[in-house]
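The values are calculated or read from the model by the stated rules, or taken from the named source; none is laboratory data. This one's a predicted model, so the numbers in the text were calculated from it and none came from an experiment. Because the Cβ atoms are built from the backbone with ideal geometry, glycine has one as well, and the counts that use them run over all protein chains shown.
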Amino acid sequence: MCCSGGPGGIALTRCGVVCGLAALAALSVALLGPTWLHTEEKLAVPNVPRDSVVSVRFKLGLFRVCPKIVKPTNLTIRE
């Protein structure tokens with residue numbers, strides 16, 4: 001790792017700067033990108049067979065949430 005070797009003060013300062021820049025770069029990419037989290041939730045809907053699962057996919061960003069409902073092609077819901 002970047003913290004091994006050299007005099008203690010200089011190596012730790014260098015390591016702190018490198019780790020801080022890496023953290024800043026990761027945070028910038030996460031906040032400035034359009035979406036930074038993709039997740040999917042499977043839902044059990046009443047009156048639907050067990051093998052047909054409806055799912056909701058989310059794309060999350062800092063200022064945006066994009067949900068998408070995905071249902072199986074052979075599913076018809078009757079009330």
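One table, with the values for the structure above:
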| quantity | calculated |
| --- | --- |
| Selection within segment 62-79 - hydrophobic (A, V, I, L, M, F, W, C) and either surrounded by 10 or more Cβ atoms within 10 Å (Cβ to Cβ) or at pLDDT below 80 (or both) | Leu62, Phe63, Val65, Cys66, Val70, Leu75, Ile77 |
| Count of residues meeting criterion [at pLDDT 80 or above, surrounded by 10 or more Cβ atoms within 10 Å (Cβ to Cβ) and under 14 Å from the mean Cα position of the chain (by Cα)] in segment 34-60 | 8 |
| Condition check for Leu31: more than 17 Å from the chain's Cα centre (by Cα), surrounded by 10 or more Cβ atoms within 10 Å (Cβ to Cβ), modelled with pLDDT under 85 and not in a loop (DSSP other than H, G, I, E, B) | no |
